[in-house]
Amino acid sequence: MKKKNIVKDNRYFNQIIDNNEFLKSNYFIIYMLKTNEPESKFGIATGKKLGNAVIRNKLKRRYRSLVDENKLLFPKGFDYIIMVKKASLQASFKEINDSIKEIFKKE
């Protein structure tokens, strides 16, 4: 992900989550907020319950890579927050990737 495509502001991060429009998977929850911007922005949230900083950063790198691979699946005109669930720790990269593809096929 490029730096301009990352949600950095904490208030905006929370605003996207409070919007209550989301998609659920076994491995993550994707919160969405409709915008007028042509480029989508992404944020990735990992809680401290997932593990230490090394593990959380590894998960964030994995999800950033998944977003880059599947950027065309994400509808334009939305900003996204991906909340990583604990099940992601045992899941393979392919399982999470398939889950992202499956969620956006439903829409």
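No value in this document is a laboratory result; all are computed from the given coordinates. None of these values were measured; they are calculated from a predicted model. Note that each Cβ is placed from the backbone with ideal geometry, even for glycine, and that neighbours are counted across all protein chains shown.
Gain in length, Ala87 to Ala53, computed as 0.36 nm per residue apart minus the alpha-carbon separation, to one decimal in nm?
The Ala87-Ala53 span can extend by a further 10.5 nm.
Along the charge dipole of the stretch 3-95, which of Ser25, Tyr12, Val84 sits closest to the positive end, that is, farthest toward it, with unit charges on the beta carbon of Lys, Arg, Asp and Glu (+1, +1, -1, -1)?
Val84
Name the long-range amide H neighbours of Phe28: under 5 Å, sequence gap of 5 or more, or other chain; modelled H, no Pro or chain starts.
Amide H neighbours of Phe28: Lys85.
Between the stretch 57-104 and the stretch 18-55, how many Å separate their Cα centres?
Centre-to-centre (Cα) distance: 9 Å.
Would you grab the residues whose amide H sits under 5 Å from the one on Phe42? Only those 5+ places off in sequence or on another chain, please, with H modelled 1.01 Å from N.
Here the answer is Ile6, Val7, Tyr80, since their amide H atoms fall under 5 Å of that of Phe42.
Length gain on complete extension for the stretch Lys8 to Lys94, per 0.36 nm per residue less the alpha carbon to alpha carbon distance?
28.2 nm
I'd like the FRET efficiency for Lys105 and Ser65, computed as 1/(1 + (r/R0)^6) with the beta carbon distance as r and R0 of 22 Å, rounded to 0.05.
Once the sixth-power term is evaluated, E becomes 0.65.
Need one number: % antiparallel among DSSP beta bridges in the chain, to the nearest 5.
Looking only at bridges with both residues in the chain, the antiparallel portion is about 65 percent.
Suppose the chain between Lys34 and Lys76 were pulled fully straight at 0.36 nm per residue; how much longer would it get relative to their current alpha carbon spacing?
Taking Lys34 through Lys76 to full extension adds about 14.2 nm, to one decimal.
Magnitude of the Cβ-charge dipole of the chain, K/R +1 and D/E -1, about the Cα centre, nearest 20 debye?
Rounded to the nearest 20 debye, it is 480 debye.
If you average 1/r across every pair of different Cα atoms in the chain and take the reciprocal, what Kirkwood value do you get, in Å?
Kirkwood hydrodynamic radius for the chain: 14.0 Å.
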